[in-house]
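To keep things clear, I will list the structure first and then write my remarks on it.
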Amino acid sequence: MKIPLSLLKKWIPIDTKPLSEIASALTSLGIEVDFVEEALPPFSSVTVAKIQSAEPHPKSSKLQKLLVQENLCPKSKTYQVACGDLTVKKGDIVPFAKPGAFVQGKTIQTASVQGLLSEGMLLSAKEMGIAEENDQVFRLDESISLGTDLQTALHDPVFTLSLTPNLGHCQSALGIARELSAYFKLPLHAADMAAKTSSGKTAVFQPYIEDPNDCPRYSYAVMTSL
């Protein structure tokens with residue numbers, strides 16, 4: 001079974017624990033860790049930036065002239081970028097590879113594109129290595145701080161685990177997170193797993209729990225035939 005670290009983080013605040021310590025904890029719990037895949041995204045020095053302006057390229061209808069900023073500090077440098085994705089607009093949050101960044105085996109350099117100085121490039125999902133086919137500039141969530149290094153932000157180690165038949169309760173990310181929660185004494189944030197019926201009504205019921213310390217969650221579902 002493969003469990004990415006990002007999935008565990010949805011259930012427990014395990015950000016500060018080294019991967020080796022998490023793997024050791026799983027082994028102590030009787031959960032065999034075959035290996036931990038730590039491959040970094042295939043780029044470096046790519047940051048989160050914001051499009052400050054978008055105008056037509058003066059010499060090409062297939063290009064845009066963009067002004068890109070890594071942070072909103074008044075004194076921060078603004079980069080001019082020639083971009084072939086005409087859907088990019090002012091205010092978009094995008095992955096930005098400025099001169100010196102390493103993408104797809106090449107170092108990004110300042111270049112002249114149809115007579116326009118271009119100081120870097122915006123990346124698509126394909127260029128970031130997160131999709132096989134997608135040539136549009138990737139849009140990032142506005143919650144990610146400008147200037148964030150994307151290689152670090154997207155680094156998501158994956159634990160490959162071997163489970164024995166007696167560990168049926170660990171055959172999910174929540175099950176593994178529950179075990180680690182007890183081991184590290186970390187709070188478990190169980191998401192609302194209520195299902196909806198075809199009519200839109202909630203099908204999972206949560207009864208009153210007398211002792212939430214010993215039984216933090218108990219629920220049941222009513223299933224009826226059509």
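Data table
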| read-out | value |
| --- | --- |
| Cβ crowding within 10 Å averaged over residues, with 3-9, 13-19 ranked highest first | 3-9, 13-19 |
| Violating pairs (Cα-Cα greater than 25 angstrom) within the set Lys9/Lys185; Lys65/Lys106; Lys9/Lys77 | Lys9/Lys77 |
| Relative contact order computed over the chain (Cα-Cα under 8 Å; 6+ residues apart), in percent | 25 percent |
| Compactness of segment 50-158 as Cα Rg over 2.2 N^0.38 Å, two decimals | 1.05 |
| 222 nm mean residue ellipticity, helices alone, for the chain (DSSP H n ≥ 4; -39,500 (n - 2.57); rounded to 500) | -4000 deg cm²/dmol |
| Accessible area expressed per residue, segment 1-52, with surrounding protein chains retained (probe 1.4 Å, Å²) | 51 Å² |
| Cβ-Cβ FRET estimate between Gln52 and Gln114, R0 fixed at 22 Å, reported to 0.05 | 0.60 |
| Peptide ranges 41-50, 179-188 listed from the most packed, as the mean C-beta count within 10 angstrom indicates | 41-50, 179-188 |
| In Å, descending, principal axis extents of the Cα set of segment 4-45 | 38, 22, 15 |
| Potential lengthening between Leu67 and Thr16 on full extension [0.36 nm per residue; Cα-Cα distance subtracted] | 14.7 nm |
| Hydrodynamic radius (Kirkwood) for the chain, which is based on Cα pairs only, to one decimal in Å | 21.3 Å |
| Whole-percent carbon and sulfur share, accessible surface of the chain, 1.4 Å | 52 percent |
| Cα Rg, Dmax, segment 1-74, angstrom units | 21.5, 65 |
| Partners for Lys2 among aspartates and glutamates (Cα-Cα distance below 17 Å; same-chain residues under 8 apart left out) | Glu32, Asp34, Glu37, Glu38, Asp156, Glu179 |
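The values are calculated or read from the model by the stated rules, or taken from the named source; none is laboratory data. All of these numbers come straight from a predicted model, not from anything done at the bench. FYI the Cβ positions are ideal-geometry reconstructions off the backbone, even for glycines, and counts take in every protein chain you see. Protein only, heavy atoms only, side chains kept; ligands, DNA and RNA dropped before computing areas. Shrake-Rupley method; radii C 1.70, N 1.55, O 1.52, S 1.80 Å.
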